[in-house]
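Asks: Here's a structure for you.
The values are calculated or read from the model by the stated rules, or taken from the named source; none is laboratory data. Here the structure is a predicted model, which means the values were calculated and not measured. Glycine gets a Cβ as well: all are built from the backbone with ideal geometry, and neighbour counts include every protein chain shown. Note: accessible area is taken over every heavy atom of the protein model, side chains too, but ligands, DNA and RNA are not part of it. Shrake-Rupley method; radii C 1.70, N 1.55, O 1.52, S 1.80 Å.
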Amino acid sequence: MRRTRCREVALQTLYQRDLNPGLPARQVNTFVRRRMKNTPLLLDYTKALIEGVESHKPELDAHIQAVAENWRLDRMAALDRNILRIGLYEIQKGGKDTPPNVAVNEALELAKRYGSPNSTKFINGLLDRFLPGHSAAFNFGDPLPGQPEPEPEVIAEPEVVAEVVEPDVVAEVVAEVVESDVVAEVVALVEPSEPTSEAEQPSAE
């Protein structure tokens, strides 16, 4: 029941900000504190819900718009639009405390209390498509509907740069190689060959 009250105050706050974007933050905070009677746990949960929805609003709106056939987001009733935002945010972020099915049910309770006679059916039909395993399920950070998948990063191989050797250096190296070959041949001619062993000497017959 306490968290239900938090969602109600979050909805009222988001509704006010939706219709009055220039509403001072101080006025909003005062409204939330009074509604939550300065109870720390309730205040924290309510503020986290409000801030979570607002920080993910572009992403939430893009996904809602993608499944809302024949309905533009800006033409929806402001209360329905914000109930959808809260419900979808809690589907994504509710965790163990608020599993996806519970998030949908809580959104429907808001719709019954604050929406029009058609709000419950409308909101249920949209949020149901975001449940895990359903057609519009997603995770925060996924590409937005209609956006192409990011291409995998291609790692360029390092360019091999051939070392430029000056002609004079090449000539010196060649000269050293030639000289070493000549010296080896001279040494081979000058040094006496080792005597062969008796076993290798021919026998006198």
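Asks: Name every residue in region 70-83 that is of a type outside the set (Asp, Glu), open to solvent by less than 60 Å² (accessible area, probe 1.4 Å) and assigned to a helix (DSSP H, G or I), in order of residue number.
Replies: Within region 70-83, Leu73, Ala78, Leu79, Arg81, Asn82, Ile83 qualify.
Asks: Criterion first (closer than 18 Å to His63 by Cα and not in a helix (DSSP H, G or I)) does Gly133 satisfy it?
Replies: Spelling it out, Gly133 is indeed closer than 18 Å to His63 by Cα and not in a helix (DSSP H, G or I).
Asks: A further question on this structure: I'm checking my understanding of the structure. Among residues of region 1-42 that are among the basic types (Lys, Arg) and touching a residue at least 24 places away in the same chain (Cβ under 8 Å), which one is surrounded by the most Cβ atoms within 10 Å (Cβ to Cβ)?
Replies: Ranking the qualifying residues of region 1-42, first place goes to Arg7.
Asks: Conditions: (1) modelled with pLDDT of 95 or more; (2) in a loop (DSSP other than H, G, I, E, B). Val102 meets all but one. Number of the miss?
Replies: Failing condition for Val102: (2).
Asks: OK, next. Pairs under 9 Å by beta carbon, first residue among the polar types (S, T, N, Q) in region 126-140, partner assigned to a helix (DSSP H, G or I), six or more apart or different chains?
Replies: Taking only residues 6 or more apart or on different chains, the pairs are Ser135/Val67; Ser135/Arg129; Asn139/Gln92.
Asks: What about Glu51, is it among the acidic types (Asp, Glu) and outside any helix (DSSP H, G or I)?
Replies: In short, no.
Asks: Here is a check on your reading of the model: is Tyr89 surrounded by 18 or more Cβ atoms within 10 Å (Cβ to Cβ) and either touching a Cys at 6+ places or on another chain (Cβ under 9 Å) or part of a loop (DSSP other than H, G, I, E, B) (or both)?
Replies: The answer is no for Tyr89.
Asks: Is there a residue in region 60-69 that is open to solvent by less than 60 Å² (accessible area, probe 1.4 Å), in a helix (DSSP H, G or I) and over 21 Å from Phe130 (Cβ atoms)?
Replies: Among the residues of region 60-69, not one is open to solvent by less than 60 Å² (accessible area, probe 1.4 Å), in a helix (DSSP H, G or I) and over 21 Å from Phe130 (Cβ atoms), which makes the answer no.
Asks: Something else: State the number of residues belonging to region 106-125 that are under 20 Å from Arg5 (Cα atoms), among the hydrophobic types (A, V, I, L, M, F, W, C) and in contact (Cβ under 8 Å) with a residue 24 or more places away in the chain.
Replies: Qualifying residue count for the region: 4.
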